[in-house]
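The values are calculated or read from the model by the stated rules, or taken from the named source; none is laboratory data. All values derive from a computational prediction rather than experimental measurement. As a convention, Cβ positions derive from the backbone with ideal geometry for all residues, glycine included, and neighbour counts pool all protein chains shown.
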Amino acid sequence: MVLRRIRNMVVATVNDNLDKMENPLVMINQYLRDMEEELSKARHAVAQQEAIKADFERRLTYSQKMKKKRYDQAQIAVNSGEEDLARKALMEMKQHEEKVLQYEEIYEQSVAQLVELKEQLGKLEERIQALRDKRHTLVARANVVKAKEHMNASINRIDSNSSYREFQRLEARIMDMETKANVYTAYNFDGEQTAFTKLEHEEDVEKELQKLKEVQKA
């Protein structure tokens, strides 16, 4: 008996812990928190990619500007008969030209990557918003279930509670007392009726006796 009681207590404790672990609302909230963290990371990644794109855009613009500048300087040097200076300007122009090609490719890649990241971010935001909306519905349904479980447990607790049985016993006792009180009242009422009837009879007897006396005198 003792071992069975201990076993039941252990099983009840384990089941209670499992219920807490598998609480749908707790799991939903945790899942949403995880998704919010992922959303924050995704937004940070998009912000970083925007910064990278902007940086390569500045580099590209600068290289394009320097390429043109060195070409113009080379032309001026040639017109002035400064061939060495023109060669130097053209050499730097070629270097900037290579950078332009390099930065154009990288910039285009960064733009494509940014577009892709923003699309993924938009999908993630839509999904999380749908989960938020779904959460309200699930919370409402879970609250209804919880309320029903609580009421059922309360009803079962009341039905099995000794105080409720004692209440029923007292109710039966009161009904018994009411029955006895009604019987006593009826008895008293009948007794009073009998006394009144006796008085009426005595009056009738006296009247009849008086009549007899009058007949005898006559």
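Annotation: Gln64 fulfils all but one of (1) free of Cβ contacts under 8 Å to residues at least 12 places away in the same chain; (2) surrounded by 12 or more Cβ atoms within 10 Å (Cβ to Cβ); the unmet one is (1).
Which one of these is over 30 Å from Ala45 (Cα atoms) and either of a type in the set (S, T, N, Q) or in contact with a Cys (Cβ under 6 Å, 6 or more places away or on another chain) (or both): Gln95, Gln109?
Numbers: Gln109 fails: over 30 Å from Ala45 (Cα atoms).
Only one candidate passes the filter, namely Gln95.
Quick check, is Val11 under 36 Å from the mean Cα position of the chain (by Cα) and either modelled with pLDDT under 90 or closer than 25 Å to Lys99 by Cα (or both)? First the steps, then the outcome.
Working: under 36 Å from the mean Cα position of the chain (by Cα): yes; either modelled with pLDDT under 90 or closer than 25 Å to Lys99 by Cα (or both): yes.
The answer is yes for Val11.
Taking the stretch 100-145 as the range and being under 30 Å from Asp55 (Cα atoms), of a type outside the set (S, T, N, Q) and under 37 Å from the mean Cα position of the chain (by Cα) as the test, the residues that pass are Leu114, Val115, Glu116, Leu117, Lys118, Glu119, Leu121, Gly122, Lys123, Leu124, Glu125, Glu126.
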